[in-house]
Amino acid sequence: MVGLPIAIAAYFWANRLLPAGLAGRETPEALAFFAAWFLAALHPALRGVQRAWGEQLAAAALLWATLPLMNAVTSNAHLGVTLARGLWGVAGIDLTALATGALFALLAWRRFRTAPRRVDQPQGALARRGL
């Protein structure tokens, strides 16, 4: 489920990192998308499904929340400029990326906070009663 948003963020990162004049740049952008999606699909097999959920949510949070920073480093159309000039359509992309990153961070935090306990730890009502 989280693999697709990770792949989309990877596409946006590739879009910012590849030189604008690169011929056929859509190919490496698409490769970044599919490579990230493939790695996200492979990740649970290597780390376990329960652990992978939280890790992928955290990765999505990091990728999305830092997109506006990458935009500021690679272009002149960053939030400092677009908000000051009232370019809401352009600023909206960075603001949406920040909001998406914040949402994934909240989900990751909740996942890590409520992750299932290990088998050797007491669980349930009987454990709370000391039984």
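The values are calculated or read from the model by the stated rules, or taken from the named source; none is laboratory data. No experiment lies behind these values; they were computed from the predicted model shown. All Cβ positions, glycine included, derive from the backbone under ideal geometry; neighbour counts span all protein chains shown. To get the accessible areas, we keep the full protein, side chains included, count just its heavy atoms, and leave off ligands, DNA and RNA. Shrake-Rupley method; radii C 1.70, N 1.55, O 1.52, S 1.80 Å.
Matching residues to (1) open to solvent by less than 70 Å² (accessible area, probe 1.4 Å); (2) under 11 Å from residue 108 (Cβ atoms); (3) in contact with a strand residue (DSSP E or B) (Cβ under 7 Å, 6 or more places away or on another chain):
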site: 46; (1), (2), (3): no, no, no
site: 49; (1), (2), (3): no, no, no
site: 57; (1), (2), (3): yes, yes, no
site: 63; (1), (2), (3): yes, no, no
site: 66; (1), (2), (3): yes, no, no
site: 74; (1), (2), (3): yes, no, no
site: 80; (1), (2), (3): yes, no, no
site: 84; (1), (2), (3): no, no, no
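Filtering the range 86-95 to residues that are farther than 18 Å from residue 12 by Cβ and open to solvent by 60 Å² or more (accessible area, probe 1.4 Å) leaves 87, 88. Only one of the listed residues (72, 105, 23) is over 14 Å from residue 7 (Cα atoms), assigned to a loop (DSSP other than H, G, I, E, B) and among the small types (Gly, Ala, Ser). That residue is 23. Name the residues in the range 1-20 that are assigned to a helix (DSSP H, G or I) and over 15 Å from the mean Cα position of the chain (by Cα), would you? 15, 16, 17, listed by residue number. In the condition set (1) open to solvent by 80 Å² or more (accessible area, probe 1.4 Å); (2) under 17 Å from residue 64 (Cβ atoms), residue 26 is compliant with all but (2).
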